[in-house]
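Here is the structure we will look at.
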Amino acid sequence: MHTMTLDEFKKSLSQPRVPADLPSILEALWHDGKGDWHKAHELAQDVPDPDGAWVHAFLHRKEGDAGNAAYWYRRAGQPVCRDSLDQEWESIVSAFLKRAAAL
């Protein structure tokens, strides 16, 4: 995967297809950014590590299920986020893009 910035990731949301070679956890966030919560949730559920739990937590917070979100934040080792949903989405995307660039 070529190193992608947050701005490039956000611009890719105007495209009809997920960017090539995007890790599945970023693909989940891409689908959420496109407004497809269900596809994002499906993909996040299939990532059985703290990254998947973090995105899962965000998605349940977005859904309005605070109790379920808190469970997934604990599984992710992350504090329950109090930022706006847009800010949290950008923070999570940025963290995963930085990690992908370091590989």
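Any chance the range 72-94 includes a residue that's among the aliphatic types (A, V, I, L, M), free of Cβ contacts under 8 Å to residues at least 12 places away in the same chain and assigned to a helix (DSSP H, G or I)? No: zero hits. Here Y73 passes the criteria (1) modelled with pLDDT of 95 or more; (2) closer than 20 Å to K98 by Cα; (3) hydroxyl-bearing (S, T, Y) except the one numbered (2).
For the range 21-41, name all the residues that are in contact (Cβ under 8 Å) with a residue 12 or more places away in the chain, over 18 Å from A95 (Cβ atoms) and either assigned to a helix (DSSP H, G or I) or hydrophobic (A, V, I, L, M, F, W, C) (or both).
Of all residues in the range 21-41, those in contact (Cβ under 8 Å) with a residue 12 or more places away in the chain come to 21-34, 37, 40-41.
Keeping just the survivors that are over 18 Å from A95 (Cβ atoms) gives 21, 34, 37, 41.
If the condition is that a residue be in contact (Cβ under 8 Å) with a residue 12 or more places away in the chain, over 18 Å from A95 (Cβ atoms) and either assigned to a helix (DSSP H, G or I) or hydrophobic (A, V, I, L, M, F, W, C) (or both), then W37, H41 are the ones that fit.
Here are some residues: G67, G77, G35. Which one is exposed (fewer than 13 other Cβ atoms within 10 Å of the Cβ) and under 22 Å from P16 (Cβ atoms)? Step through it out loud before you land on a result.
Numbers: G67 fails: under 22 Å from P16 (Cβ atoms); G77 fails: under 22 Å from P16 (Cβ atoms).
After ruling out the rest, the residue left standing is G35.
Evaluating A100 against the criteria (1) aliphatic (A, V, I, L, M); (2) buried (at least 18 other Cβ atoms within 10 Å of the Cβ); (3) in a helix (DSSP H, G or I) leaves one unmet condition, (2). As for the range 72-81, it holds no residue that is under 12 Å from the mean Cα position of the chain (by Cα), on the phi < 0 side of the Ramachandran plot and charged (D, E, K, R).
The values are calculated or read from the model by the stated rules, or taken from the named source; none is laboratory data. Not measured: the values here are computed from a predicted model. Using ideal geometry, Cβ is built from the backbone for each residue, glycine included, and neighbour counts are taken over all protein chains shown.
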